[in-house]
Amino acid sequence: MDRVRDPRPQLESLIPYSAKDVRADVVLASNEHPANLPSEIVDWLATRLDRFAFNRYPAPLADDLRALIAEANGLEPGNVLVGNGGDEIIFDLMLAWGGPGRRILDMPPTFAMYAIDAQATETEVVCIPRLPDFSVDADKVVERVAEGDIDMVIVANPNNPTGNLVPETFLIDLLNATDALVLVDEAYFEFSRHTMRPHMERHPNLAILRTFSKAFSLAGLRVGYLLGHEDVVRELTKVRQPYSVNAFSQWVAGKVFRERVVFQQAIRDLMRTRDTVIHNLSEMDGVEVFPSEANFVMFRVEHAPALWRDLLHNHSVLIRDFSRTPGLADCLRVTIGSEDDIQRFLDAVRDVLAARRASQFMTNGAVSRTAEGEEVAY
Ligand SMILES: *Cc1c(COP(=O)(O)O)cnc(C)c1O
């Protein structure tokens, strides 16, 4: 044959994810930790590397790591599922609680993977958009789940990319209103310090997602975990790939988790830098900054795509452009990096906005068009 037949039609409108394609000196685009693992941990690993069993399959359920995580959270190992990043667990949830004929409730703008995985698994998505200040439309959500036909609800808390938490009372109302699986995505828990863990005993339909990618400098090794009722964890083990979390990642994540107090100072420093970013952006003319409980800040600025391009091409600073996301017109998100990188980012934004004002003054605020027809204010 000189051709290949089409895949499932659901794939037609999906765009492959490719966040890493762009290179820059200062990368503040993916909410990663700015620092590599502490050198004491790397040294500890290095001295034991020659005894590491690369030739053996990993423990399917990462038993050592899940025992550590369970103990730290006052749970049993059967309440913990370790995944190849939180992303894998979201996909597994969609396989087990979603699928054809099933329905999830999503509150955009939020983490895009929920809707992408739903589409890939033919799960219907019921959208209840957030309000203009990015708070959830609590009454509408609780009323909708009470109809009884929603199989899973996902709430990012704090939300990515907007940075805000939902009120705990909303989550409790939600858990009381439905037997749907409620996933509270606490990917930024180490920064926000807010968790629904105390409500797990009373609500078997509550599951919590966490990750090693953000606060623990481990985005490259792909380790995340779910806390949930043992029946929920058991169902997920039916659909997951048996060896999805490789042995090296399990080993390193175990060491990192045991040494997690070492990360506290860096987390506090990042939070202080975040508050500096919020303060500095809020002092700039024409910039609206949103509060954040995480290691990133979202802000709104006129002609955001032009600012994004200017930062990248003229200052080699890469941040994330959300301006084409519904509800996020002219919004950009910057990850909190090292103090030096953040200084470069703030200087670059100031520079671009000052140049903009100067040329607007020269041309009386005229907006010209580039060859591609995109609006750029000079
Ligand atoms: C980063 C993130 C995750 C998971 O990241 P992994 O690297 O796959 O562990 C999950 N949810 C949200 C909202 C995130 O921002």
What are the residue pairs meeting all of these: first residue in the stretch 216-232, first residue free of Cβ contacts under 8 Å to residues at least 40 places away in the same chain, second residue among the aromatic types (Phe, Trp, Tyr), Cβ atoms under 8 Å, and 6 or more apart or on different chains?
Leu221/Phe212; Leu221/Phe248
When restricted to Leu171, Leu175, the only residue within 16 Å of the ligand (Cβ to nearest atom) and touching a strand residue (DSSP E or B) at 6+ places or on another chain (Cβ under 9 Å) is Leu171
Of the listed residues (Pro204, Pro158), the one being in a loop (DSSP other than H, G, I, E, B), within 10 Å of the ligand (Cβ to nearest atom) and modelled with pLDDT of 95 or more is Pro158
Mind checking whether some residue in the stretch 162-173 is at positive phi and either touching a Gly at 6+ places or on another chain (Cβ under 9 Å) or buried (at least 22 other Cβ atoms within 10 Å of the Cβ) (or both)?
yes
Positions within the stretch 1-47 being touching a residue at least 60 places away in the same chain (Cβ under 8 Å), acidic (Asp, Glu) and open to solvent by 60 Å² or more (accessible area, probe 1.4 Å), in sequence order
Asp25, Glu40
Subset of the stretch 204-238 [β-branched (Val, Ile, Thr) and closer than 22 Å to Pro158 by Cβ]
Ile208, Thr211, Val223
Using the structure shown, decide if Asn84 is of a type in the set (S, T, N, Q) and buried (at least 17 other Cβ atoms within 10 Å of the Cβ).
yes
So in the stretch 1-27, with the set limited to residues that are in the same structural domain as Met298 (by TED's automatic domain parsing) and more than 30 Å from Thr121 (Cβ to Cβ), which one is modelled with the lowest pLDDT?
Arg23
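Among the residues of the stretch 140-155, count how many are within 27 Å of Ser323 (Cβ to Cβ) and outside any helix (DSSP H, G or I). Before the answer, list the steps.
Kept after step one, since they are within 27 Å of Ser323 (Cβ to Cβ), are these residues of the stretch 140-155: 140-141, 154-155.
Now drop any that are not outside any helix (DSSP H, G or I), which leaves 154-155.
Total satisfying the criteria: 2.
Within the stretch 210-224, work out how many residues are more than 9 Å from the ligand (Cβ to nearest atom) and either farther than 18 Å from Ala62 by Cα or open to solvent by less than 20 Å² (accessible area, probe 1.4 Å) (or both).
Going residue by residue through the stretch 210-224, those that are more than 9 Å from the ligand (Cβ to nearest atom) are 215-217, 220-221.
Subsequent filtering for residues that are either farther than 18 Å from Ala62 by Cα or open to solvent by less than 20 Å² (accessible area, probe 1.4 Å) (or both) retains 215-217.
Residues that pass the stated criteria total 3.
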Which one of Thr110, Thr123 is crowded, with 20+ Cβ neighbours inside 10 Å, of a type outside the set (D, E, K, R) and away from the ligand (no atom under 16 Å from the Cβ)?
Thr123
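Do we find that Gly101 is open to solvent by less than 30 Å² (accessible area, probe 1.4 Å) and out of contact with any helix residue (DSSP H, G or I) (no Cβ under 6 Å at 6 or more places or on another chain) in this structure?
Working: open to solvent by less than 30 Å² (accessible area, probe 1.4 Å): no; out of contact with any helix residue (DSSP H, G or I) (no Cβ under 6 Å at 6 or more places or on another chain): yes.
It is false that Gly101 is open to solvent by less than 30 Å² (accessible area, probe 1.4 Å) and out of contact with any helix residue (DSSP H, G or I) (no Cβ under 6 Å at 6 or more places or on another chain).
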The one condition in (1) within 20 Å of the chain's Cα centre (by Cα); (2) among the hydrophobic types (A, V, I, L, M, F, W, C); (3) away from the ligand (no atom under 16 Å from the Cβ) that Ile104 fails to fulfil:
(3)
Quick one: which helices (runs of 4 or more DSSP H) lie wholly within the stretch 33-126 and hold at least 2 residues that are closer than 30 Å to Ser323 by Cβ?
85-97, 113-120
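Do the conditions hold for Ala96, that is, is it over 17 Å from the mean Cα position of the chain (by Cα), surrounded by fewer than 23 Cβ atoms within 10 Å (Cβ to Cβ) and within 16 Å of the ligand (Cβ to nearest atom)?
So Ala96 fails the test.
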Pull up the stretch 53-80, narrow it to residues that are of a type in the set (S, T, N, Q) and in contact (Cβ under 8 Å) with a residue 12 or more places away in the chain, then point me to the one that is surrounded by the fewest Cβ atoms within 10 Å (Cβ to Cβ).
Asn73
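The values are calculated or read from the model by the stated rules, or taken from the named source; none is laboratory data. As the structure is a prediction and not an experimental result, all values here were calculated from the model. Ideal geometry is used to build each Cβ from the backbone, glycine not excepted, and the neighbour counts take in all protein chains shown. Note: areas computed on protein heavy atoms with side chains; ligands, DNA, RNA excluded. Shrake-Rupley method; radii C 1.70, N 1.55, O 1.52, S 1.80 Å.
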